[in-house]
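Heads up, the thing below is written out as structure tokens.
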Amino acid sequence: MTPLRSLISGCLLLILSHALPVLAGASESPRPWPGDEWRAQGRIIDLHLHVNNNTQHLQRAIRILEKAGIGLGINLSGGTVTSKNGSASSFEKMKQLQDSLAPGRLISYFNLDYSEWDAPDFAERAVKQVEKAHQLGAAGLKEFKRLGLTVRDGQGRLVKIDDPKLDGVWRRCGELGMPVSIHVADPKAFWLPYNQQNERWKELRDHPKWWFGDPKEFPSREELL
């Protein structure tokens, strides 16, 4: 046998010696997926829930979590920390309801209050909102798709998500270890013509406010992204 053939034969034997055990094991039953065990132990976390500050709604959400085997839910609709006339803020009311009906099953993010956007010191006020939310037990900050699409200043201009007045908010959240969940734009179809040929027509027909295809009113999806 020539040296070249010897080399080729040696390589083939080496490959077969590694491949045969793998092929032999292929007939064995696959490893069970641990999901059922995790559900039974309550180890699954749902990171994206929207639960209203309503007893019936909250109880229904808990029943769904129980049925799905989810141990912890993150409610992104915790509300603002703005107090009016000395009353508890919407976030405080939500947290109190969650803790009383289902302690340890839900934790909430808070939402910024933009009602004083035009105030000269809004940037500082917004940072204080973050700090207050942290003190009240907010797990993070959720920003809906309002920025760039619905929140406007006193002159009717849309507030952009990268507005410098919000820089302090993102910075303070980072310093406090609070995650920020931001919803920017939407599927491309929400900017396409509003008709039955739209692939998301059923959604848009039922929720016409989800359509942003009017360039006179809304920026393009590309601009938002």
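The values are calculated or read from the model by the stated rules, or taken from the named source; none is laboratory data. No experiment lies behind these values; they were computed from the predicted model shown. No Cβ is skipped: glycine too gets one built from the backbone with ideal geometry, and neighbour counts run over all protein chains shown.
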query: What about Pro193, is it assigned to a loop (DSSP other than H, G, I, E, B), out of contact with any strand residue (DSSP E or B) (no Cβ under 9 Å at 6 or more places or on another chain) and more than 30 Å from Leu72 (Cβ to Cβ)?
result: yes
Residue in segment 125-136 that is assigned to a loop (DSSP other than H, G, I, E, B) and loosely packed, with under 14 Cβ neighbours inside 10 Å present: no
task: For residues that are among the basic types (Lys, Arg) and in a strand (DSSP E or B), tally how many sit in segment 31-85.
output: 0
message: Scan segment 201-223 and tell me whether some residue there is surrounded by 14 or more Cβ atoms within 10 Å (Cβ to Cβ), touching a residue at least 40 places away in the same chain (Cβ under 8 Å) and among the acidic types (Asp, Glu).
response: no
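When you scan segment 150-168, do you find a residue that is more than 25 Å from Leu204 (Cβ to Cβ) and in contact with a helix residue (DSSP H, G or I) (Cβ under 6 Å, 6 or more places away or on another chain), even just one?
Start the filter on segment 150-168 by keeping residues that are more than 25 Å from Leu204 (Cβ to Cβ), which leaves 153-155, 157, 162-168.
Going one step further and asking which of them are in contact with a helix residue (DSSP H, G or I) (Cβ under 6 Å, 6 or more places away or on another chain), we end up with 165, 168.
Within segment 150-168, one or more residues are more than 25 Å from Leu204 (Cβ to Cβ) and in contact with a helix residue (DSSP H, G or I) (Cβ under 6 Å, 6 or more places away or on another chain).
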message: For segment 40-65, which positions are under 22 Å from Lys142 (Cα atoms) and small (Gly, Ala, Ser)?
response: Ala61
message: Would you confirm, using the coordinates I've provided, whether Glu217 is part of a helix (DSSP H, G or I) and either in contact with a Phe, Trp or Tyr (Cβ under 9 Å, 6 or more places away or on another chain) or not assigned by TED's automatic domain parsing to the domain that holds Leu112 (or both)?
response: no
